[in-house]
Amino acid sequence: MKDGLVAIADTRVTSGTDTTEKKKIYLYQKDQSSLFIMTSGLRSVRDKAVLYFKELLDEGREYNKLYKAVNDFGAQVKRVAKEDREALEQAGFRFNLNTIIGGQLKDDEEHKLFLLYPEGNWVELGGGAPYVIVGNAGHGKAILNRTLTHESSMHLALKAGFLSFDSTRASANDVDFPIDVVLYRSNSFGMVEHRYTKKDLESISEQWAEELKTALEKIPNEWMNAAFDDLNESNLPDGC
């Protein structure tokens, strides 16, 4: 959003029939540097790429603009691909690490958001594309497309983002609570992180479901009459 960034990551990891709970978002904050990294795809690939990037930071690597940090993380993704892609593909797995990186570093004029592909290349998102989803994306896009613009408030973005997640959760078995939320207000150089459990948001989910039903019932029926008239006529006995 114009005012800042809202990041939401679920914590469910599936491996065959097993499910576990793992954090999928990594924060880095230092002086006038704030960024988060969110990923989807194979957990082993994600952990390795993030570990390699953390090593760069621990060794003193510094960045003045976010795209430079994105370039270095992309380089670590390429490094992991060089080490592991062939063995993974031979075992029937896809090297499918997609990454969202957002934040603001000291020489960035404003906060930035990037989508990094498994090949290590990236695109920057702007006002015309106020959100991006990696992972299980199909069920939640409609809500965001209908509600969000670059001018939307961060409050509205978080609300719409949760409803998008909740729609996905209700339709997919690889997405579930708890969720981690990260908020960043432009030019603040400070991120906050909060975890929500199912208990925290269950009433919001139930309210949303009830209001959807109510809204559906309020849609007028007149536009359907012609179709149902045709149906009724088709069910008349022969000769009537």
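Just so you know, all these numbers are worked out from the coordinates, no wet-lab data involved. Quick caveat, the model's predicted, so the values are computed rather than measured. With ideal geometry, Cβ positions are generated from the backbone for all residues, glycine too; neighbour counts draw on all protein chains shown.
Numbers below:
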{"item": "Rounded tilt (10° steps) of 43-58 against the dominant C-alpha axis of the chain", "result": "40 degrees"}
{"item": "Isotropic mean projected area of the C-alpha convex hull, the chain (nm²)", "result": "18.7 nm²"}
{"item": "Low-density loop positions, GluC sites (Glu not before Pro), region 38-126 - DSSP coil, at most 14 other Cβ in 10 Å", "result": "Glu59, Glu62, Glu109, Glu110, Glu119"}
{"item": "Kirkwood Rh and Cα Rg combined as Rg/Rh, region 107-240", "result": "1.15"}
{"item": "Helix-only [θ]222 nm of the chain, DSSP H runs n ≥ 4, -39500 (n - 2.57) each, per residue, nearest 500", "result": "-13500 deg cm²/dmol"}
{"item": "Percent of C-alpha pairs per 10 Å bin, region 18-104, short to long", "result": "16, 49, 27, 8, 0"}
{"item": "Cα-based Lys pair tally, region 104-220, threshold under 22 Å, eight or more apart or on separate chains", "result": "9"}
{"item": "P(r) histogram, all alpha-carbon pairs of region 67-142 included - 5 Å bins from 0, percent", "result": "3, 14, 21, 20, 18, 13, 8, 3, 1"}
